[in-house]
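Undergrad: Can you read through this structure? Questions will come right after.
The values are calculated or read from the model by the stated rules, or taken from the named source; none is laboratory data. If you're wondering where the values come from, they're calculated on a predicted model, not measured in any experiment. Quick reminder, even Gly has a Cβ in these numbers, built from the backbone with ideal geometry, and neighbours come from all protein chains shown. Protein only, heavy atoms only, side chains kept; ligands, DNA and RNA dropped before computing areas. Shrake-Rupley method; radii C 1.70, N 1.55, O 1.52, S 1.80 Å.
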Amino acid sequence: MRRTNFEPLGFSLRLNLWYTGFFIAAAVLLFLFAYLLLMREFREIDREIVRDKLAVCSAWYHEGGIPALSMHFQNESGWEKESTFLKVVGAHDQLEFLRSPEKDEAMLTHLGAGVQPTDIDWLSMPSSEQHMVWTVAMTRMPDGSIMAVGRTTENRDEMLRHFKSIFLFVIVPVVVTGFLGGAFITYRALGPIRSIIGAVRGIIQTGNMHARVRDPQTQDEINELVTLFNRMLERNEKLIGAMRDSLDNVAHDLRTPLTRLQTGAQLALQNEDPEQIKESLADAVEEAERLNAMLCTIMDISEVEAGALKLDLETFELRPIVDILLELYDEVAQEKNITVVADIDPSGQITADRSRLQLLLANLLDNALKYTPNGGRVGIEAQFLPTEVRIEVRDTGIGIDTADLPRIWDRLYRADKSRSQRGLGLGLSLVKAFAEAHGGKAIVSSEPGRGSVFTVTFPRKKVAEAPVAIAMAGRR
């Protein structure tokens with residue numbers, strides 16, 4: 001738990017450090033790009049000046065040879081003399097002309113000795129002047145001599161060092177600002193995550209499933225995460241509530257047969273009359289069988305939810321199935337004086353699993369007879385449409401309250417009006433599961449006091465085997 005408390009802060013710090021690291025890397029790359037571009041630009045500017053001077057001296061040399069060079073250099077100003085260098089070496093390596101500042105003459109006299117330029121070779125060397133360097137270009141003349149021309153330029157390395165210093169001076173406050181800004185942005189961005197953690201921690205500590213995370217209204221992935229988390233909490237709350245209701249229903253419905261079983265056994269022990277003992281034991285066995293059926297239904301639910309149900313699909317006529325059910329429930333209908341009518345085309349066919357369809361219809365018919373008062377009416381109709389078969393079971397029973405309609409398909413759910421009747425609340429869940437397993441659906445419309453209409457649909461085409469998420473037995 002202690003580690004969990006610090007995980008949000010650690011993640012925020014790591015995220016901020018990543019942000020700052022990328023920020024610094026981007027700044028360094030930008031500096032390197034600017035540094036290399038600036039260095040290249042400085043070099044090109046210096047070489048362009050020397051290249052122009054080389055072209056002029058070459059023209060003078062072609063025009064009048066060494067005398068022409070001497071004449072032009074005599075007319076140079078003092079500044080040009082101190083900043084310009086010219087050397088001509090003959091074809092046999094003899095020095096034919098040298099013009100350089102006196103303070104650098106010894107160094108420049110031997111500059112480029114042994115070099116055999118093909119086009120233009122560039123040399124660089126420090127000048128005796130502070131913060132200055134010599135940029136020299138050497139080229140071979142048509143007569144085989146070598147001409148070297150140079151000029152003193154500012155030492156660009158010094159300027160670039162100043163550029164580095166400025167960058168280092170500026171990058172520190174920029175990084176600090178970026179880190180603080182990243183921390184603020186990260187804190188704001190992770191606010192919904194902290195809310196989710198707080199909600200989960202509150203649920204763990206208090207068990208209160210009503211907690212929700214405030215919607216950040218950002219219309220992004222974080223907002224979607226919060227929305228899905230709240231939906232998950234809402235669904236879990238409903239599931240837990242349904243589980244509690246189911247346990248209450250199971251406990252309530254198991255208590256009655258257990259009590260009757262116990263009573264029957266006690267009566268058998270207390271009575272001496274063999275007939276009464278036999279009758280008490282028969283009642284006990286009946287209740288035991290009912291209790292066993294209820295437990296088997298619950299076990300079936302767990303087994304089906306853990307696996308998949310394979311449907312044995314076949315195409316057959318629907319009317320014979322309904323006739324069998326009407327004959328089966330005829331005695332129940334007569335006891336309550338309920339009229340049961342079937343309006344089904346004898347030639348109408350349906351594609352389904354025969355046994356599951358029979359169980360589905362049996363649950364609907366049993367449900368209708370159970371909640372229809374004496375003298376009522378139950379009708380079974382079927383419509384064979386081009387794309388589906390629609391089966392309707394109508395009754396004039398007590399109906400279903402509007403508040404209960406959305407939940408009647410839930411497993412083990414029983415409305416208040418249905419608690420007077422025996423059952424575990426599994427019948428309608430089974431109906432919906434079997435209908436959807438066939439690729440169809442189950443719907444209901446009802447009005448309290450006027451009856452209900454349950455409708456199930458089955459597609460006309462063949463359906464692949466499909467899983468069922470509800471038990472195969474039991475009734476509402």
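Undergrad: Sorted by accessible area (1.4 Å probe), largest first, how do W18, W134 line up?
TA: On the way: W18 160, W134 0 Å².
Largest to smallest exposure gives the sequence W18, W134.
Undergrad: Add +1 for every Lys or Arg and -1 for every Asp or Glu among the other residues with Cβ under 12 Å from the Cβ of R354, and state the total. Please report the intermediate quantities before stating the final value.
TA: Working: positive: R356; negative: D312, E314, E317, D353.
Net of charged neighbours comes to -3.
Undergrad: A follow-up question, please. For K336, give me every one of the aspartates and glutamates with a C-alpha distance below 16 angstrom, ignoring sequence neighbours fewer than eight places off in its own chain.
TA: Of all the aspartates and glutamates, those that pass the test against K336 - Cα under 16 Å, at least 8 places apart if same chain - are E327, D366, D395.
Undergrad: Can you work out the FRET efficiency for the pair Q383 and I204, with r the C-beta to C-beta distance and R0 = 56 Å, to the nearest 0.05?
TA: Values: r = 53 Å, r/R0 = 0.94.
FRET efficiency, Q383 to I204: 0.60.
Undergrad: I'd like to check one number: the per residue accessible area of the stretch 198-287, probe 1.4 Å, reported in Å² as a whole number.
TA: Values: 6510 Å² over 90 residues.
That works out to 72 Å² per residue.
Undergrad: List the extent of the Cα atoms of the stretch 19-80 along each of their three principal axes, largest first, rounded to whole Å.
TA: That works out to 68, 24, 10 Å along the principal axes.
Undergrad: Viscosity 1.567 mPa s, temperature 4 °C: give me the Stokes-Einstein translational D for the stretch 23-159 in µm²/s, with Rh taken as the Kirkwood radius over C-alpha pairs.
TA: Details: Rh = 16.1 Å.
This corresponds to a translational diffusion coefficient of 80 µm²/s.
Undergrad: Same structure, new question: Could you check how many percent of all C-alpha pairs in the stretch 80-190 are farther apart than 23 Å? Before the final figure, lay out each step's value.
TA: On the way: 3043 of 6105 pairs.
Within the stretch 80-190, distances greater than 23 Å cover 50 percent of Cα pairs.
Undergrad: Counting only protein chains, not ligands or nucleic acids, how are D395, D410 ordered by accessible area (probe 1.4 Å), most first?
TA: Values: D395 20, D410 60 Å².
Most to least solvent-accessible, the answer reads D410, D395.
Undergrad: Can you pull the one-decimal nm distance between simple spin-label points at S128 and L258, each 7 Å off the Cα toward Cβ?
TA: 11.6
Undergrad: Measuring from label point to label point, each 7 Å out along Cα→Cβ, what is the F33 to V285 span in nm?
TA: If labels sit at F33 and V285, their model points lie 9.3 nm apart.
Undergrad: With every protein chain left in place, what is the accessible area of F167 in Å² (1.4 Å probe, nearest 10)?
TA: 40
Undergrad: Any chance you could look up the accessible area of Y35 with a 1.4 Å probe, heavy atoms only, rounded to 10 Å²?
TA: 40
Undergrad: According to the square roots a ≥ b ≥ c of the eigenvalues of the Cα gyration tensor, what is the shape class of the stretch 177-288, taking rounded for a/c under 1.5, prolate for a/b larger than b/c otherwise, and oblate for the remainder?
TA: In terms of gyration-tensor shape, prolate.
Undergrad: In nm, to one decimal, how far is the E234 label point from the L247 one, both placed 7 Å along Cα→Cβ?
TA: 2.5
Undergrad: So how much accessible area does R40 have, in Å² to the nearest 10, using a 1.4 Å probe?
TA: Counting only protein heavy atoms, the figure is 130 Å².
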